[in-house]
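Structure first, commentary second.
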Amino acid sequence: MNLNTVCTIGDVIRARRDLWLGGGSDALARDLDWFLYTEGTEDDYRMDTPCIIADPPDYDDERELELFPAFCDKHRMYSELMPETLDDVLLSALEQKRDASEEELIYALNYYAEMDAFFQF
């Protein structure tokens, strides 16, 4: 994923799905040095939810403080989603139903965020 990019959750889901369909899990594993940030809560994603792709946050161990990238500050987006988590949810859904619709994929993501479990088709 391109860092310091403004997009939507739908853009990211489509990109990750297409990457997996074209190169499998290995292709996903080679592209994990980023985080997805939104401004809202993490259990109400929609395909048109605005987000940004930026560096993972840093941590100040002395102050026990999470330090967000400047791009997050600029866009006021601090709710984070790790690419590994997103990929796990998408892979679970796509391995069950290879032709899962975008709506089904976003439902699976929201289900995971709320239930801390993978949706079963």
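The values are calculated or read from the model by the stated rules, or taken from the named source; none is laboratory data. All values reported here derive from a predicted model rather than from experimental measurement. Neighbour counts run over all protein chains shown; Cβ positions are idealised from the backbone, glycine included. Ligands, DNA and RNA are excluded from the accessible area calculation, which covers all protein heavy atoms including side chains. Shrake-Rupley method; radii C 1.70, N 1.55, O 1.52, S 1.80 Å.
If a residue must be of a type in the set (Asp, Glu) and in contact with a His (Cβ under 8 Å, 6 or more places away or on another chain), how many such residues does segment 40-83 contain?
0
Would you pick out the residues in segment 14-53 that are of a type in the set (Ser, Thr, Tyr) and not in a helix (DSSP H, G or I)?
TYR37, THR38, THR41, TYR45, THR49
To keep it simple, each residue is scored yes or no on (1) hydrophobic (A, V, I, L, M, F, W, C); (2) farther than 18 Å from THR8 by Cβ; (3) in a helix (DSSP H, G or I).
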| residue | (1), (2), (3) |
| --- | --- |
| LYS74 | no, no, yes |
| THR85 | no, no, yes |
| LEU90 | yes, no, yes |
| LEU94 | yes, yes, yes |
| ASP99 | no, yes, no |
| ILE106 | yes, no, yes |
| LEU109 | yes, no, yes |
| ALA113 | yes, no, yes |
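Looking only at residues that are within 12 Å of the chain's Cα centre (by Cα) and of a type in the set (D, E, K, R) in segment 47-99, which one is surrounded by the fewest Cβ atoms within 10 Å (Cβ to Cβ)?
Within segment 47-99, the match that is surrounded by the fewest Cβ atoms within 10 Å (Cβ to Cβ) is GLU84.
Name the single residue, out of those in segment 19-46 being open to solvent by 80 Å² or more (accessible area, probe 1.4 Å) and not acidic (Asp, Glu), that is farthest from GLU114 (Cα to Cα).
Going through the qualifying residues, I end up with ARG30.
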